[in-house]
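*Asks:* Have a look at this one.
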Amino acid sequence: MIFLNIGSNLNSKYGNRSDNILRSIELLVSKEIKIIKKSGFYETPSYPDKSYPKFLNISLCVLYQKTAKELLYNISLIEKQMGRKKIKRNDPRIIDIDIIDFNKEIINHDNLTLPHRSLKDRNFVLIPLKEICPDWSHPISNEKIDILIEKLESSSRNEITRINQSDINNL
């Protein structure tokens, strides 16, 4: 199974943060990426600078018949197409699409590390991922997702909010 995390904390020509995420999903599908499951939307403060606009995130389980590198290439194209500019690390962005887990493969290349190296520390990855795959375990440590969530600082577990579907259009 392949898991992606999509986040946005800026408006764009496509609309608000949820519109950006939904547009990126359409573009993923256009690249022969089949969506199997989709989590709800989750809102979190920006990391590490909480003065930036809040992020909206979603997790996806997808099928893709090509390699992880080819998936990364297509994701980069989608991010550029949507107007993402990579200037400074952790800056606000229209769209951010990360590969979290690619069929449990362990990859360490210059521009691709799998599983995603920071996933164990990120509430906005773990909590939506648990929603769509409650039995997921880390490909290297084999720790179950519940254990990884328990290891998050309590403040991190408390600062994430699942957004009701009826509230999405008001974001």
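What follows draws every value from the coordinates through simple rules; no lab data is involved. Predicted model only: the values in this text are computed from it and were never measured. Neighbour counts are summed over all protein chains in view; Cβ atoms, including those assigned to glycine, are modelled from backbone coordinates with ideal geometry.
*Asks:* Calculate one ³J(HN,Hα) per residue across the range 148-164 by plugging θ = phi - 60° into the Karplus curve 6.51 cos²θ - 1.76 cosθ + 1.60, and present them in order as whole Hz with x for glycine and proline.
*Replies:* With coefficients 6.51, -1.76 and 1.60, one gets 4, 5, 4, 6, 5, 4, 4, 4, 5, 5, 8, 9, 10, 10, 7, 8, 5 Hz.
*Asks:* Would you mind calculating the gained length between residue 52 and residue 149 on full extension (0.36 nm times residue separation, minus the Cα-Cα distance), in nm to one decimal?
*Replies:* Stretched out fully, the residue 52 to residue 149 stretch lengthens by 32.5 nm.
*Asks:* What residue among 156, 18, 30 has the largest mean-square fluctuation in a Gaussian network model of the chain, using Cα springs under 10 Å?
*Replies:* Of the options given, 30 has the highest mean-square fluctuation.
*Asks:* Most exposed first by the Cβ proxy, i.e. fewest other Cβ within 10 Å, how do 89, 17, 23 rank?
*Replies:* With the sparsest Cβ surroundings first, the list reads 89, 23, 17.
*Asks:* Something else about it: For the range 36-48, what does the Karplus curve 6.51 cos²θ - 1.76 cosθ + 1.60, with θ = phi - 60°, yield as ³J(HN,Hα) per residue in whole Hz, taken in order and with x for Gly and Pro?
*Replies:* Listing the rounded values in order: 9, 9, 9, 6, x, 8, 10, 10, 9, x, 5, 10, x Hz.
*Asks:* Which net charge results when you count Lys and Arg as +1 and Asp and Glu as -1 among the other residues whose beta-carbon is under 10 Å from that of residue 131?
*Replies:* Values: positive: 37, 38, 130, 162; negative: none.
Result for the neighbourhood of residue 131: +4.
*Asks:* Additional query: Could you tell me the relative contact order of the chain? Use alpha-carbon pairs under 8 Å, at least six residues apart, and round to a whole percent.
*Replies:* 29
*Asks:* For residue 24, what is the net charge nearby, where nearby means another residue's Cβ is under 14 Å from its Cβ and Lys, Arg count +1, Asp, Glu -1?
*Replies:* +3
*Asks:* Once you've got the GNM for the chain with C-alpha springs shorter than 10 Å, pick whichever of 150, 131, 32 has the biggest mean-square fluctuation.
*Replies:* Comparing 150, 131, 32 in the GNM, the peak value goes to 150.
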